[in-house]
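The values are calculated or read from the model by the stated rules, or taken from the named source; none is laboratory data. Just so you know, these numbers come straight off a predicted model, no measurement behind them. Virtual Cβ from ideal backbone geometry, glycine too; neighbours counted across all protein chains shown.
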């Protein structure tokens, strides 16, 4: 890695481990087993070792889906470092005391963030090794596990009062999906729709019409009745599917089966 390269945290060498348990500054003041030792160069043994007061630039980028409500940065330096986040100066840290739990929320942004540490050996300690330990904590809130399924308003056999269905009928059963102020029925992917226990597919692509006269266009569909798989005694029917953008939908309406046993789904005889 060159003097202006991107750094990757590495484990602390033995001579400063366990630094999070040590009582000696600056390592003992980080107080975290998770902190990462990012730079250690015994005198004259690697390119990153530099003479007194010569700066070295260490940089690391990270992505955030959102700016967290809390975010802290802890840095221990031997001997001196300036801390920048997204190009904005945060503060300077010296040999002692270190930065512990510095609030960095005001410096963060959604998307890519850049942490930059400009470090150097103080002239008083120019012939000794130099090192940086840092830890950033930016916990994000837990993601919601709530269902994104939309409940839609459907009407089976809109011209019928009791929605009676003969499971053995060779005809089709009409179903209307109503649009509301919050849902546009015309955005449904008709090919994804499945009606009844048997998951019947629409007999055609459907058509739009303002069925209930509210000024909003509704979706009118027809499903082969036998394919819907109803059985004697069924009292409700579901329509499931997705919108064109992949959002799940479900609608339910009451029905009354008439005229026969229909499909046998293991009912007690």
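A few notes on this one:
- Number of the exception - residue 148 against (1) surrounded by 12 or more Cβ atoms within 10 Å (Cβ to Cβ); (2) within 30 Å of residue 69 (Cα to Cα): (1)
- Search result, residues across region 185-198 that are surrounded by fewer than 16 Cβ atoms within 10 Å (Cβ to Cβ) and part of a loop (DSSP other than H, G, I, E, B): 189
- Failed condition for residue 248, given (1) buried (at least 17 other Cβ atoms within 10 Å of the Cβ); (2) farther than 21 Å from residue 170 by Cα; (3) under 35 Å from the mean Cα position of the chain (by Cα): (1)
- Verdict on residue 115 being modelled with pLDDT of 75 or more and in contact with a helix residue (DSSP H, G or I) (Cβ under 6 Å, 6 or more places away or on another chain): no
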